[in-house]
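In what follows, a structure is listed as structure tokens, so that the remarks can point back to it.
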Amino acid sequence: MKNRFERLLKWWPLFLISFLGLFFELAVIRWVSGEVRLFSYFKNLPLLAAFLGLALGFGLVGKGRDHRSSFAPLLLLFSVVVLGVGLFSSDYMAYPARGDEFVWYTVPVSYWVSLALFLGMVLIFFLLIVLLFIPLGQATGEEMAEHDPVPAYVVNILASLMGVWVFSLVSYLETPPILWLAISMIGTGVYFAYRRAFSRTGLLLFVVTFGVVALFSKQATWSPYQRLDLSPAYLEASDDREAIEIGYLLNVQQVFYQQAIDLSENFLESLQGTAPDLNDMAFSYNLPYLLLPEDSRVLIVGAGMGNDVAAAIRGGVGRVDAVEIDPTILEFGKQFHPEQPYADPRVTTIVDDARSYFTDCQETYDAIIFGLLDSHTLLSGMSNVRLDSFIYTLESFEQVREHITDDGFVMVTFVVGAPWIEERIGRLLTTVFSPEQVFVHQGFVGTSFVAGSIPADDLNPAQLVPWEPDPSQSNVPITTDDWPYLYMRTKIIPPAYWQALLLIALLFLALATRRFPEAIRPDWHFWLLGAAFLLIEFKSITELALLFGTTWLVNALAISGVLIMVLAANLIVLRKARVNLRWAYALLLTSLLGLYFFPLEILAGIHLPIRIIASVLLLSLPLFFSGLIFSESLRISGETSKPLASNLSGTMVGGMLEYGSLIWGIKSLYLIAIVVYLAAFIIFSRRKTPLPVS
């Protein structure tokens with residue numbers, strides 16, 4: 001027993017630093033996106049920077065240069081920059097859009113000025129994150145080099161799995177970034193002290209970092225998805241009287257998102273006509289209930305803090321099912337909405353993704369109301385898909401149609417920032433319903449579409465007119481589950497994207513040539529495996545989000561499923577003397593091709609627990625075969641540092657290839673991955689080292 005304990009004990013430094021690597025990676029991505037809004041839309045850039053930093057760190061193993069002591073000063077510098085930039089750039093961000101896409105709250109300056117500011121911001125943060133992760137990569141590589149490659153990789157995966165779930169737990173508990181950093185600093189401090197790579201100066205810098213973050217972080221609530229700031233909303237009086245509190249404003253990622261306003265008839269009457277905008281706002285929210293009889297059954301998706309629910313209660317409905325993905329926003333509504341709509345017994349709250357609810361719901365409703373659904377942020381650090389991307393697709397509205405009664409309707413209200421967004425939503429609705437059944441109201445809140453069986457006598461009181469398509473926007477593609485990019489005008493990679501990627505590539509070459517020459521001489525087999533792996537990981541996470549919603553839990557399960565499949569592959573490699581790589585490649589390519597043609601809607605009809613297991617296993621199957629190939633190749637190589645350095649740098653390229661989905665759709669990533677894996681097979685098969693056989 002003692003000998004077994006001692007054998008296990010020798011693995012703890014590798015387990016600890018591997019756990020910290022993934023935990024800290026998720027913490028950095030989430031913190032940066034919350035403080036610097038640009039990275040709410042480009043969360044994969046910090047992810048790619050972390051991968052590159054880890055890769056460079058692995059490449060330094062055994063080269064005589066120890067960068068581990070640089071972690072503490074770099075963390076302090078990084079924290080100061082994040083807080084400083086977040087403090088002075090919270091309201092507007094520089095983004096060089098040219099009509100190809102739409103992003104809220106950008107700086108009103110010329111294209112070239114915004115491009116310079118945008119690329120400068122990307123460059124600063126990308127470089128900082130790369131440098132920050134080099135010490136962690138080197139430390140992990142040094143630990144793995146002390147063990148046999150495959151067992152070391154197994155421990156690395158197990159620790160990474162724990163990192164995912166611990167960070168998911170602290171996110172679920174709505175903890176602030178100061179706790180994430182404290183866990184990271186305590187863990188790295190313990191590790192570096194054990195390896196005698198931690199000085200008093202390092203300890204002092206950790207204390208200073210903690211103090212800076214504690215003192216200068218703005219008060220905010222961190223829900224499982226995003227940073228939230230709640231503040232009272234006031235109506236300015238026209239005379240010398242004090243401003244009147246009318247509710248609350250909610251900012252997400254430091255910009256306006258939604259509000260909880262008292263629009264009750266008694267309150268509006270008390271204002272004696274001094275706030276006509278509030279009367280117009282109330283009309284927009286009350287509009288669907290001018291079309292419904294009393295005691296109707298209504299579903300509200302994107303219920304938020306409760307304005308739509310309050311309108312339903314004022315309209316005399318019999319039952320309201322209110323779906324909201326963010327439990328913290330829902331709790332804000334329960335506590336702070338002036339009309340207290342969630343306290344009404346007719347209201348049932350459901351914490352879920354709207355698309356997931358459409359899939360699992362067996363109910364039909366007299367009306368389905370979309371409550372200003374716009375996420376202002378992305379799904380995760382592993383995806384280009386927003387929280388709301390799969391809500392505004394052709395397949396989603398087809399599901400909605402199935403859940404309304406024969407004489408029911410759907411109402412979609414959207415703050416249209418560009419005319420082609422209105423065109424896209426209108427065409428989606430006319431495709432699912434019929435052109436004669438789609439009407440529009442231009443109100444104070446936004447553009448409201450109503451689609452369904454609306455009696456002609458009800459149109460004028462509701463200020464509805466038939467929606468007409470704009471011939472000048474006829475080339476705008478409609479969104480589908482394969483191309484769910486509502487905020488992209490056409491199927492292109494916007495210039496800002498490829499300009500940022502080009503800048504990153506040049507930065508990598510400059511950094512590698514001068515400081516890390518090993519990085520530009522990778523093992524191309526492992527490099528290609530890394531590029532293809534990230535493509536399939538992104539595809540797996542995206543399809544699981546489509547099947548189960550874009551909730552934080554689904555995201556954690558998806559990443560865990562990927563790691564578990566890789567772990568299973570490693571355990572098989574450990575138990576077998578040899579793995580036939582020709583067969584592994586054949587099965588990998590077959591599984592990718594099969595999933596390309598596999599209709600996901602087959603899984604949607606399965607009972608939920610079985611669907612979860614079947615979906616994770618099926619969509620992660622290529623990653624299992626890829627894991628077999630990687631682990632067997634790692635065993636053949638006899639080392640971990642260069643293969644893992646090459647693999648991680650390849651994932652950065654895979655992250656860039658991910659943007660191909662903006663042109664060809666998400667399923668095209670399977671075909672891109674097939675090409676990359678074929679290239680990896682050709683390179684490996686031409687080596688002097690023969691392919692292992694069974």
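The values are calculated or read from the model by the stated rules, or taken from the named source; none is laboratory data. Since we're looking at a predicted model, the values are computed, not measured. Using ideal geometry, Cβ is built from the backbone for each residue, glycine included, and neighbour counts are taken over all protein chains shown.
Determine whether region 278-290 contains at least one residue that is free of Cβ contacts under 8 Å to residues at least 40 places away in the same chain, in a strand (DSSP E or B) and buried (at least 21 other Cβ atoms within 10 Å of the Cβ). No, every residue in region 278-290 fails to be free of Cβ contacts under 8 Å to residues at least 40 places away in the same chain, in a strand (DSSP E or B) and buried (at least 21 other Cβ atoms within 10 Å of the Cβ). The residue that is surrounded by the most Cβ atoms within 10 Å (Cβ to Cβ), among those in region 655-671 that are within 17 Å of the chain's Cα centre (by Cα) and closer than 18 Å to TRP527 by Cβ, is GLY655. If you go through region 104-116 one residue at a time, do you hit one that is in the same structural domain as PHE58 (by TED's automatic domain parsing), of a type in the set (S, T, N, Q), within 22 Å of the chain's Cα centre (by Cα) and modelled with pLDDT under 90? Yes, region 104-116 contains at least one residue that is in the same structural domain as PHE58 (by TED's automatic domain parsing), of a type in the set (S, T, N, Q), within 22 Å of the chain's Cα centre (by Cα) and modelled with pLDDT under 90.
Tell me yes or no: at least one residue of region 229-251 is within 23 Å of LEU75 (Cα to Cα) and either surrounded by 15 or more Cβ atoms within 10 Å (Cβ to Cβ) or not acidic (Asp, Glu) (or both). No, region 229-251 contains no residue that is within 23 Å of LEU75 (Cα to Cα) and either surrounded by 15 or more Cβ atoms within 10 Å (Cβ to Cβ) or not acidic (Asp, Glu) (or both).
The listed residues are SER296, SER270, and the only one of them that is within 30 Å of GLN437 (Cα to Cα), of a type in the set (Ser, Thr, Tyr) and out of contact with any Lys or Arg (no Cβ under 7 Å at 6 or more places or on another chain) turns out to be SER296. The set of residues in region 1-19 that are modelled with pLDDT under 65 and among the hydrophobic types (A, V, I, L, M, F, W, C) comprises MET1, PHE5. For region 48-70, the condition holds for no residue, the condition being that it is closer than 23 Å to LYS218 by Cβ and at pLDDT 85 or above. Quick check: anything in region 676-692 among the polar types (S, T, N, Q), crowded, with 23+ Cβ neighbours inside 10 Å and either more than 26 Å from PRO46 (Cβ to Cβ) or in the same structural domain as SER560 (by TED's automatic domain parsing) (or both)? No, region 676-692 has no match at all.
A count restricted to region 595-620 and to residues that are over 22 Å from ALA569 (Cα atoms), within 25 Å of the chain's Cα centre (by Cα) and not in a helix (DSSP H, G or I) stands at 3.
When region 337-363 is examined, which residues are found to be assigned to a helix (DSSP H, G or I) and either in contact with a Leu (Cβ under 6 Å, 6 or more places away or on another chain) or at pLDDT below 95 (or both)?
Within region 337-363, ALA354, ARG355, SER356, TYR357, PHE358, THR359, ASP360 meet the criteria.
For ILE504, the requirement of being part of a loop (DSSP other than H, G, I, E, B) and either outside the structural domain of GLY62 (by TED's automatic domain parsing) or at pLDDT 85 or above (or both) is not met. Among the residues of region 26-37, the ones that are in a helix (DSSP H, G or I) and under 10 Å from GLY86 (Cα atoms) come to 4 in all.
From the list LEU567, LEU574, LEU623, pick out the single residue that is within 30 Å of THR140 (Cα to Cα), modelled with pLDDT under 85 and part of a helix (DSSP H, G or I).
On the way: LEU567 fails: modelled with pLDDT under 85; LEU623 fails: modelled with pLDDT under 85.
Selected residue: LEU574, the only one of LEU567, LEU574, LEU623 that is within 30 Å of THR140 (Cα to Cα), modelled with pLDDT under 85 and part of a helix (DSSP H, G or I).
Of all the residues in region 640-677, those that are under 22 Å from ALA50 (Cα atoms) and not in a helix (DSSP H, G or I) number 1.
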